[in-house]
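Working notes, structure below.
The values are calculated or read from the model by the stated rules, or taken from the named source; none is laboratory data. Since this is a predicted model, take the numbers as computed values, not measurements. Note that each Cβ is placed from the backbone with ideal geometry, even for glycine, and that neighbours are counted across all protein chains shown. These area figures cover heavy atoms from the full protein model, side chains too; ligands, DNA and RNA do not enter into them. Shrake-Rupley method; radii C 1.70, N 1.55, O 1.52, S 1.80 Å.
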Amino acid sequence: MEKVDERFDIGARLHAMRMAAGLSQRQLAEKAGVPHAQISNVETNKISPSVSTLRKILSGLGVGMGDFFEPERSPPKGPFFSADELLDLTSRISAQLPGGSDGTLVLRQVGDARSHNLQILHEVYEPSADTGETFLQHTSSEGGYVVEGELEITIGNDVRILKAGEAYLFDSRLPHRFRNISGERAIVISACSPPYL
């Protein structure tokens, strides 16, 4: 797994993308459906957004996580991919939590999800990793298989802790959240169609 790039400035990148789109903070907040203060706080690095919050903000710009973090990189064509060819979507999001917990969540994408209309992810949830209190919700179908550890998954009003060897499949229009509440790393292989991140 790659190390987090401490030099990546999420706030500066968001500011640059917003300016390039010709949007004020208020306009972006309105398009993304988030409070205006949230845009300001992310751009000034007062807060580090969760995966769900950042994705929601980026939806207002019409870009995905790959375009945000690795805009210059073109996904390899395949059909085969080495570990270092997977597209890093999240490891630059700081996740320092109270008590010194890491909480890192790394999502790495296989190939060009858009051209195949299918997003396949290798997901690593360190202890305390969480997609965020703001639930994810998008028009897709989503499924996954827990390879290692255990992961708490909330889908609508249903909450379950899945262990290695167990899986999930659901309509992503239902609000959902993924959290590692254990003390061990969890690894999931997932797929989403159409792509979301």
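Selection of segment 124-140 for residues being in a loop (DSSP other than H, G, I, E, B) and surrounded by 22 or more Cβ atoms within 10 Å (Cβ to Cβ) yields ALA129, THR131.
Each residue in segment 21-52 was checked for being modelled with pLDDT of 85 or more and assigned to a helix (DSSP H, G or I), and 16 pass. Residues of segment 145-183 that are more than 20 Å from SER128 (Cα to Cα) and of a type in the set (S, T, N, Q): ASN157, SER172.
Quick one: in segment 58-104, which of the residues that are among the basic types (Lys, Arg) and at pLDDT below 80 is nearest to GLN119 (Cα to Cα)? Filtering first and then ranking leaves ARG73. The residues listed here are ILE161, ILE189, ILE155, ILE181; of these, the one that is of a type in the set (A, V, I, L, M, F, W, C), within 16 Å of the chain's Cα centre (by Cα) and modelled with pLDDT of 95 or more is ILE189. Within this structure, GLY165 fails the test of being part of a loop (DSSP other than H, G, I, E, B), open to solvent by 20 Å² or more (accessible area, probe 1.4 Å) and under 17 Å from THR104 (Cα atoms). Within segment 107-123, the only residue that satisfies the criterion of being open to solvent by less than 30 Å² (accessible area, probe 1.4 Å), more than 21 Å from ARG185 (Cβ to Cβ) and among the polar types (S, T, N, Q) is GLN119.
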